[in-house]
Amino acid sequence: MADTSVTPVPAWAATVRRLAPGFLFASAVAVVAFFSAPVVARAITIPAMVLALLIGIALNPIAARPVFQPGLVFCVKQLLRWAVALMGLRIALSDIVALGLGTGVVVVISMIVTIMAGFLGARVLGLPSPFGALAGVGTAVCGASATLATSTVVPEYRGKDADVVFVVVGVNALATLAIVLYPPLCVALGFNEQTTGVMLGATIHDVAQVAGAGYAVSEAVGNAAVIVKLFRVFLLLPVVLAIGWWFMRQGTAARAARVPVPVFAFVFLALCIVNSVLPSIATLAPLYGHVKDPLVLASTGGLLIAIGALGLNTSITAIGALGWRHIATVCATTVVILVVATGGLLLIR
C-alpha cells in the first residue's frame, strides 16, 4: 500500500510563505523608488525614501488585501527596527555628545508639554482622559509602540479599543505627512544639518518616519534625527509607568504595565560604541571596514523597504472617516510638540 502520509511543513517555511507576499510587495516598491528617483530628479528632486512612501500610498487599495498584511507588518515592525539598529554603525559616541545638554532638555520639555496637551485637548473636547493619554504619549514618545504600551496602563472605558486603533493610525498618518512638510520648514527657519536632524527627531512620531525624513535630506541629518528619536524611545518606560501611576492616583483601575523593551535601541547604542572604538584599533580597523560596509548597505535597503511598507499600509480614506474631535486632539498634540521643540531649538541655537 502506498504511503499517503503528508510531510509536515517546517515552521520556518510556513512563516516565510506567510510573510513573502507583503515583503516582496514592499521590496518591489523600494526597488522602483530607488531606480526612479534619479529619473524623477530631472523634473523635481524627490528622495527615494519619499518616493517609496508616495508609491506605497498610491498602491494602498491593493496592499489592503489580507494576503499582504503579515509581510507588511513584519517590514514596518521587525525589519524597520533592525535596519535602525544597524544605523548605529554610522554613528560614533562623539556624534551623540555633540548634540549637547540643551538638546536633551528641549526634547524632554517638549515631551512633557505634549502629554499634558493630550489630556487638556481630550478634556476640552469632551473625550475620555485615557484617550488624552493615548494621544499625548503616542505623539510625544514613539507613535504606535508608545500608544500600545500606554493602553496597558490606562483604565478600561467604552470605546477604548477603537481609540487605540485611531491613535495608532492617526499619529502614523501625521508623521507620514511630516516627512514631506518638516524638512522644507527647517530650511525656511535657517537650520543647519545638525539642528534639522534634531528638529526632525524631536517632533516626528514614529522611528520609520524620522529615519525617512532625516536620511531623505542627508546622512548627517538622518544620523542626528535617529539619535534624538531613540532618546525619546529610551524614555518610553518611565513615561508609561508615570501615566499608570497618575491614573492609580485618580482611583481608576489599570492593568499591570507591560512596556516593551526597545531592544533595537540598545543594539543601536552598542553598535555606536563599536563604531567609536574599532576604527581606532589598527589591527581590527581593516576587518571592521569590510564588515561594516555591507551592514550599512543592508540598513539602507531595509529602511527603504520599511518605508515602502509604511506607505502601502497608509489609507487616506480611512483617516478621512474618523471623528473630528479625535482628529483635533491628535493634530493638537502634533502641533504642540512641533512648536515647543522648534521654539526651544531657536532659543538655544
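Quick one: which helices (runs of 4 or more DSSP H) lie wholly within segment 285-349 and hold at least 1 residues that are crowded, with 21+ Cβ neighbours inside 10 Å? Spell out how you get there, then give the answer.
On the way: elements: 285-312, 316-320, 324-348.
In segment 285-349, 285-312, 324-348 are the helices (runs of 4 or more DSSP H) which contain 1 or more residues that are crowded, with 21+ Cβ neighbours inside 10 Å.
Scan segment 272-299 residue by residue and report those that are free of Cβ contacts under 8 Å to residues at least 60 places away in the same chain and more than 22 Å from V97 (Cβ to Cβ).
A282, T283, L284, P286, L287, G289, H290, V291, D293, P294, L297
Yes/no per residue for (1) open to solvent by 20 Å² or more (accessible area, probe 1.4 Å); (2) outside any helix (DSSP H, G or I); (3) among the charged types (D, E, K, R); (4) at pLDDT 90 or above:
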| site | (1), (2), (3), (4) |
| --- | --- |
| T195 | yes, no, no, yes |
| M199 | no, no, no, yes |
| A202 | no, no, no, yes |
| A211 | no, no, no, no |
| G214 | no, no, no, yes |
| A220 | yes, no, no, no |
| V228 | no, no, no, yes |
| V233 | no, no, no, no |
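Can you tell which of L53, L86, L101, L79 is assigned to a helix (DSSP H, G or I) and in contact with a Leu (Cβ under 6 Å, 6 or more places away or on another chain)? Walk me through how you get there before you give the answer.
Details: L53 fails: in contact with a Leu (Cβ under 6 Å, 6 or more places away or on another chain); L101 fails: in contact with a Leu (Cβ under 6 Å, 6 or more places away or on another chain); L79 fails: in contact with a Leu (Cβ under 6 Å, 6 or more places away or on another chain).
Answer to the check: L86.
Anything in segment 122-170 that is closer than 19 Å to C331 by Cβ and charged (D, E, K, R)? List them, or say none.
Correct list: R123, D163.
Are any residues in segment 235-265 modelled with pLDDT under 80, surrounded by fewer than 17 Cβ atoms within 10 Å (Cβ to Cβ) and either part of a helix (DSSP H, G or I) or within 17 Å of the chain's Cα centre (by Cα) (or both), and if so, which ones?
Residues of segment 235-265 that are modelled with pLDDT under 80, as a first pass: 237, 249-265.
Then keep just the ones that are surrounded by fewer than 17 Cβ atoms within 10 Å (Cβ to Cβ); that gives 237, 249-253, 255-258, 260-261, 263.
Of everything in segment 235-265, those that are modelled with pLDDT under 80, surrounded by fewer than 17 Cβ atoms within 10 Å (Cβ to Cβ) and either part of a helix (DSSP H, G or I) or within 17 Å of the chain's Cα centre (by Cα) (or both) turn out to be L237, R249, P260, V261, V263.
Filter segment 112-166 for residues that are under 19 Å from the mean Cα position of the chain (by Cα) and not in a helix (DSSP H, G or I); which is farthest from D206 (Cα to Cα)?
So, considering only residues that are under 19 Å from the mean Cα position of the chain (by Cα) and not in a helix (DSSP H, G or I), the one farthest from D206 (Cα to Cα) is V141.
Which condition from (1) of a type in the set (S, T, N, Q); (2) open to solvent by 60 Å² or more (accessible area, probe 1.4 Å); (3) at pLDDT 95 or above is the one that S27 breaks?
Here S27 meets the rest and fails (2).
List pairs: first residue in segment 151-173 and on the phi > 0 side of the Ramachandran plot, second residue in a helix (DSSP H, G or I) anywhere in the structure, Cβ distance under 9 angstrom, at least six positions apart or on different chains.
Here the result reads G159/F131, each pair linking segment 151-173 to a residue that is in a helix (DSSP H, G or I).
Could you give me the residue pairs with C-beta distances under 6 Å whose first residue belongs to segment 114-130 and is modelled with pLDDT of 95 or more, whose second residue is surrounded by fewer than 16 Cβ atoms within 10 Å (Cβ to Cβ) wherever it lies, and which are 6+ apart or on separate chains?
No pair meets every condition.
Return yes or no: is S36 of a type in the set (S, T, Y), over 17 Å from Q78 (Cβ atoms) and at pLDDT 90 or above? Walk me through how you get there before you give the answer.
Details: of a type in the set (S, T, Y): yes; over 17 Å from Q78 (Cβ atoms): yes; at pLDDT 90 or above: yes.
In short, yes.
Could you check, for segment 82-89, whether at least one of its residues is more than 19 Å from the chain's Cα centre (by Cα), of a type outside the set (K, R) and open to solvent by 30 Å² or more (accessible area, probe 1.4 Å)?
There is no residue in segment 82-89 that is more than 19 Å from the chain's Cα centre (by Cα), of a type outside the set (K, R) and open to solvent by 30 Å² or more (accessible area, probe 1.4 Å).
The values are calculated or read from the model by the stated rules, or taken from the named source; none is laboratory data. This structure is a prediction, so every number in the text was calculated from the model and none was measured. Please note: Cβ atoms are built from the backbone with ideal geometry, for glycine as well, and neighbour counts cover all protein chains shown. Protein only, heavy atoms only, side chains kept; ligands, DNA and RNA dropped before computing areas. Shrake-Rupley method; radii C 1.70, N 1.55, O 1.52, S 1.80 Å.
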